[in-house]
Amino acid sequence: MSTHAMESVLYDLGVKREARTAFGEDAAAFLKRYGVDAQEAAMISGFDMAALLRAGVSPLLTYGFWMMNAPVKTRAAYLERSRGTPPAQG
């Protein structure tokens with residue numbers, strides 16, 4: 001696993017509109033450009049904040065990524081996912 005590669009992805013998704021657009025259109029193709037492996041790609045595209053944090057990714061980058069890209073852009077939702085709580089169904 002490459003923490004640096006995942007942090008590069010999250011940085012770009014936090015600050016670059018064109019990156020967010022590409023990620024939203026085809027996350028797999030977007031992530032392939034960064035050379036992240038399948039497990040890393042799954043953590044990012046699945047918004048698995050707890051796994052990203054356990055992998056050593058910066059909390060500042062995970063929070064910025066969450067607030068710019070997640071389906072529910074709230075601090076409370078971010079904290080739930082950071083603790084490993086699964087997303088609410090409904």
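A few notes on this one:
- The number of residues in the range 1-27 that are over 23 Å from G84 (Cα atoms), of a type in the set (A, V, I, L, M, F, W, C) and exposed (fewer than 15 other Cβ atoms within 10 Å of the Cβ) comes to 1.
- Per the conditions (1) part of a helix (DSSP H, G or I); (2) surrounded by fewer than 15 Cβ atoms within 10 Å (Cβ to Cβ), the sole criterion not satisfied by A50 is (2).
- Filter pass, R20 being among the basic types (K, R) and closer than 12 Å to F65 by Cα: yes
- A search for C-beta distances below 6 Å between a residue of the range 1-21 that is in contact (Cβ under 8 Å) with a residue 24 or more places away in the chain and any residue that is among the small types (G, A, S) and loosely packed, with under 15 Cβ neighbours inside 10 Å, counting only pairs 6+ apart in sequence or on different chains, returns T3/G56; A5/G35.
- Pair list, Cβ < 6 Å and 6+ apart or interchain, from the range 63-90 residues that are exposed (fewer than 12 other Cβ atoms within 10 Å of the Cβ) to residues that are part of a helix (DSSP H, G or I) and modelled with pLDDT of 95 or more: K73/M67
- Taking the range 13-45 as the range and being acidic (D, E) and within 14 Å of T3 (Cα to Cα) as the test, the residues that pass are D37, E40.
- Matching residues in the range 61-86 - criterion: being part of a loop (DSSP other than H, G, I, E, B), farther than 17 Å from F23 by Cβ and in contact with a helix residue (DSSP H, G or I) (Cβ under 6 Å, 6 or more places away or on another chain): G84
- Leading residue by the ranking (nearest to G24 (Cα to Cα)) among those in the range 70-90 that are of a type in the set (A, V, I, L, M) and modelled with pLDDT of 90 or more: A70
The values are calculated or read from the model by the stated rules, or taken from the named source; none is laboratory data. The structure presented is a predicted model; accordingly, all values stated were derived computationally and were not measured. Glycine gets a Cβ as well: all are built from the backbone with ideal geometry, and neighbour counts include every protein chain shown.
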